[in-house]
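K.L.:
I'd like to ask you about the structure that follows.
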Amino acid sequence: MARIITVASGKGGVGKTVLAANIGITLSLYGKDVTILDADIAMANLELILGMEGMPITLQHVLSGEASVEEAIYTGPGGVKIVPAGISLEGLRKVNPDLLENVLLSILERTEILILDAPAGLEKSAIIALASANELLLVVNPEISSITDGLKTKMVAERLGTRLLGIVVNRVTSSGIDMAKKEIEAILEGRVIAVIPEDPEVRKSAAFGQPVVLRSPNSPAARAIKQLAAKIGGVKYVEEYAEVKESPIKKLLKIFRR
Ligand SMILES: Nc1ncnc2c1ncn2[C@@H]1O[C@H](COP(=O)(O)OP(=O)(O)O)[C@@H](O)[C@H]1O
Ligand SMILES: [Mg+2]
């Protein structure tokens with residue numbers, strides 16, 4: 001059965017979109033058939049961080065009955081399939097979120113892993129994203145409000161029958177004020193499967209509309225995200241794979257040494 005992983009949080013702005021995009025791209029580079037759907041319909045920005053804005057048909061059109069889902073699937077970086085939500089305010093008015101479940105079902109028939117970039121909070125569309133998934137990747141920042149809000153999301157997900165795949169602590173610094181991993185695990189009663197550092201390359205990449213795992217593959221955040229993706233996909237993390245941008249001479253030398 002296909003996997004549906006929802007990348008969710010209590011609070012907004014914790015890094016869900018960055019993680020959904022970069023995990024999806026990495027899994028796709030690892031040879032998996034992955035589709036990322038922007039389920040944050042009201043505050044869509046997956047297409048922006050991937051530099052894929054302005055697509056003619058988006059989830060907005062599908063959820064307002066104007067297009068079929070096949071028409072809203074595009075090939076993104078690394079070969080990952082992307083369903084952008086669309087950023088038009090006018091289009092948003094016509095959307096019927098109740099149609100989302102059927103849309104997800106029809107995507108499932110044609111992909112191995114479906115990643116949902118969920119909205120924050122517990123409004124209707126967030127609940128649909130949680131309920132439709134079978135696995136929850138809970139994203140938190142290392143601060144108490146983010147974690148207590150995350151706890152609510154996790155509890156609702158579990159009540160909906162969605163199991164916790166793991167907790168990701170994002171934007172971790174060495175400032176000494178971050179909550180410790182152990183404390184976070186105790187509050188959330190779950191396992192932290194990745195700690196992603198605060199890294200200026202993440203925002204820089206977003207500003208250029210490029211995913212950090214491709215633009216700065218050796219940056220600390222990109223490495224941590226790639227390790228997380230390998231864990232999720234059940235594949236071995238290969239350090240060498242980090243060198244997407246290696247020089248042609250280095251590449252040649254590697255071939256000579258084989
Ligand atoms: N590890 C990180 N280091 C630095 N900035 C980050 C990191 N993760 C996310 N960000 C930045 O935080 C902001 C919110 O990220 P985003 O993925 O849009 O959050 P969400 O989808 O949860 O609302 C963006 O400006 C993003 O570039
Ligand atoms: Mg987002």
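The values are calculated or read from the model by the stated rules, or taken from the named source; none is laboratory data. Remember, it's a predicted structure, so these values are computed and weren't measured experimentally. Neighbour counts are summed over all protein chains in view; Cβ atoms, including those assigned to glycine, are modelled from backbone coordinates with ideal geometry.
K.L.:
Kindly indicate whether any position in the range 147-161 is touching a Ser or Thr at 6+ places or on another chain (Cβ under 7 Å), modelled with pLDDT of 95 or more and in a loop (DSSP other than H, G, I, E, B).
P.N.:
no
K.L.:
Can you tell me which residue in the range 32-47 is nearest to ligand 2 (Cβ to nearest atom), limited to those that are touching a residue at least 60 places away in the same chain (Cβ under 8 Å) and more than 19 Å from residue 122 (Cα to Cα)?
P.N.:
So, considering only residues that are touching a residue at least 60 places away in the same chain (Cβ under 8 Å) and more than 19 Å from residue 122 (Cα to Cα), the one nearest to ligand 2 (Cβ to nearest atom) is 46.
K.L.:
Can you name the residue in the range 8-31 that is near ligand 2 (Cβ under 9 Å from one of its atoms) and of a type outside the set (Ser, Thr, Tyr) and is also nearest to residue 106 (Cα to Cα) among such residues?
P.N.:
20
K.L.:
From 126, 120, grab the single residue that is surrounded by 16 or more Cβ atoms within 10 Å (Cβ to Cβ), in contact with a Lys or Arg (Cβ under 7 Å, 6 or more places away or on another chain), of a type in the set (A, V, I, L, M) and in contact (Cβ under 8 Å) with a residue 40 or more places away in the chain.
P.N.:
Exactly one of 126, 120 is surrounded by 16 or more Cβ atoms within 10 Å (Cβ to Cβ), in contact with a Lys or Arg (Cβ under 7 Å, 6 or more places away or on another chain), of a type in the set (A, V, I, L, M) and in contact (Cβ under 8 Å) with a residue 40 or more places away in the chain, namely 120.
K.L.:
Go through the range 37-62 and give me each residue that's surrounded by fewer than 21 Cβ atoms within 10 Å (Cβ to Cβ) and either within 12 Å of ligand 1 (Cβ to nearest atom) or among the small types (Gly, Ala, Ser) (or both).
P.N.:
42, 43, 45, 48, 51, 54
K.L.:
Tell me, please, whether a residue that is under 28 Å from residue 52 (Cβ atoms) and at pLDDT 65 or above can be found in the range 238-250.
P.N.:
Yes, there is a match, as at least one residue in the range 238-250 is under 28 Å from residue 52 (Cβ atoms) and at pLDDT 65 or above.
K.L.:
Say we look at the range 58-87 and pick out the residues that are in a loop (DSSP other than H, G, I, E, B) and hydroxyl-bearing (Ser, Thr, Tyr); which of these is nearest to residue 36 (Cα to Cα)?
P.N.:
58
K.L.:
Now a separate question. Go through 99, 89, 104 for me and flag whichever is hydrophobic (A, V, I, L, M, F, W, C), away from ligand 1 (no atom under 16 Å from the Cβ) and under 17 Å from the mean Cα position of the chain (by Cα).
P.N.:
After ruling out the rest, the residue left standing is 104.
Yes/no per residue for (1) out of contact with any strand residue (DSSP E or B) (no Cβ under 7 Å at 6 or more places or on another chain); (2) acidic (Asp, Glu):
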{"site": "83", "(1), (2)": "no, no"}
{"site": "89", "(1), (2)": "yes, no"}
{"site": "93", "(1), (2)": "yes, no"}
{"site": "101", "(1), (2)": "yes, yes"}
{"site": "105", "(1), (2)": "yes, no"}
{"site": "114", "(1), (2)": "no, no"}
{"site": "127", "(1), (2)": "yes, no"}
{"site": "139", "(1), (2)": "no, no"}
{"site": "142", "(1), (2)": "no, no"}
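K.L.:
Is the range 115-132 home to any residue that is farther than 20 Å from residue 63 by Cα, assigned to a loop (DSSP other than H, G, I, E, B), more than 16 Å from ligand 2 (Cβ to nearest atom) and not hydrophobic (A, V, I, L, M, F, W, C)?
P.N.:
Looking for residues that are farther than 20 Å from residue 63 by Cα, assigned to a loop (DSSP other than H, G, I, E, B), more than 16 Å from ligand 2 (Cβ to nearest atom) and not hydrophobic (A, V, I, L, M, F, W, C), one finds none in the range 115-132, hence no.
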